[in-house]
Amino acid sequence: MYEGVVQDLIDELGRLPGVGPKSAQRIAFHLLAADPADVTRLARILTEVKSKVRFCTICGNVAQEELCRVCRDPRRDPTVICVVEESKDVVAIEKTREFRGRYHVLGGAISPMEGVGPDDLRMKELLSRLSSGEVTETIIATDPNLEGEATATYLARLLRPMGLKVTRLASGLPVGGDLEYADEVTLGRAFAGRRSLDA
């Protein structure tokens, strides 16, 4: 335990996701040793982010305006929506340069253990977007874990009666991976999602 404000700083840093007690302490002491101008700049940016950044009124992605960059882009295909858990997932998909449709950010995944149900996510907003009839395909791109699978299953049941094509991102073996290190679920999905090598 440290004195006063130093301990307060460590405690606040420790509340950040992925930052444990040792990392919080390391960051705190880095900030204490840093140039005052660097710390002032960091504090200014943190304050600025909270005051300027909001969520897109259409898809829920982070934005500095009412609409995010993707929703403002007229070149994006409005007939295909990719449903993701978080804004960071949009960034990951955009880096592939493979998807030219629009997104819908749920704001998490169904997790009964953490008390997160469908009503805690942006499901109603998704249904509202799909009710216009413009969208023909919904790609479910939730994480391939227990919560992501539960969310994907729930969404598929919810959306199929709407007459939409509902697809899920393929999952399987990573490039450069070894079969012997793959778990049985990943290996099973790789078999289920296999594709023809016909030229």
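The values are calculated or read from the model by the stated rules, or taken from the named source; none is laboratory data. Just so you know, these numbers come straight off a predicted model, no measurement behind them. Here the Cβ positions follow ideal geometry from the backbone for every residue, glycine too, while neighbour counts run over all protein chains shown.
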Condition set out of contact with any strand residue (DSSP E or B) (no Cβ under 7 Å at 6 or more places or on another chain) and surrounded by fewer than 17 Cβ atoms within 10 Å (Cβ to Cβ), scope region 86-106, selection nearest to residue 164 (Cα to Cα): answer is 98
The condition of being aliphatic (A, V, I, L, M) and surrounded by 11 or more Cβ atoms within 10 Å (Cβ to Cβ) holds, among 42, 46, only for 42
Within region 137-161, of all residues that are among the hydrophobic types (A, V, I, L, M, F, W, C) and in a helix (DSSP H, G or I), the one surrounded by the most Cβ atoms within 10 Å (Cβ to Cβ) is 155
Expected output for region 39-64 (first residue aliphatic (A, V, I, L, M), partner in a helix (DSSP H, G or I), Cβ below 6 Å, 6+ apart or cross-chain) is 39/31; 58/71; 62/87
Being of a type in the set (Val, Ile, Thr) and surrounded by fewer than 10 Cβ atoms within 10 Å (Cβ to Cβ) narrows 116, 175, 166, 185 down to just 175
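Results for (1) under 30 Å from residue 149 (Cβ atoms); (2) part of a helix (DSSP H, G or I), shown as yes or no for each residue.
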site: 13; (1), (2): no, yes
site: 45; (1), (2): no, yes
site: 59; (1), (2): yes, no
site: 75; (1), (2): no, no
Considering every residue within region 162-178, establish whether at least one is part of a helix (DSSP H, G or I), within 23 Å of residue 84 (Cα to Cα) and in the same structural domain as residue 99 (by TED's automatic domain parsing).
yes
Exercise. So is residue 51 assigned to a helix (DSSP H, G or I) and at pLDDT below 95 or not?
Worked result: yes
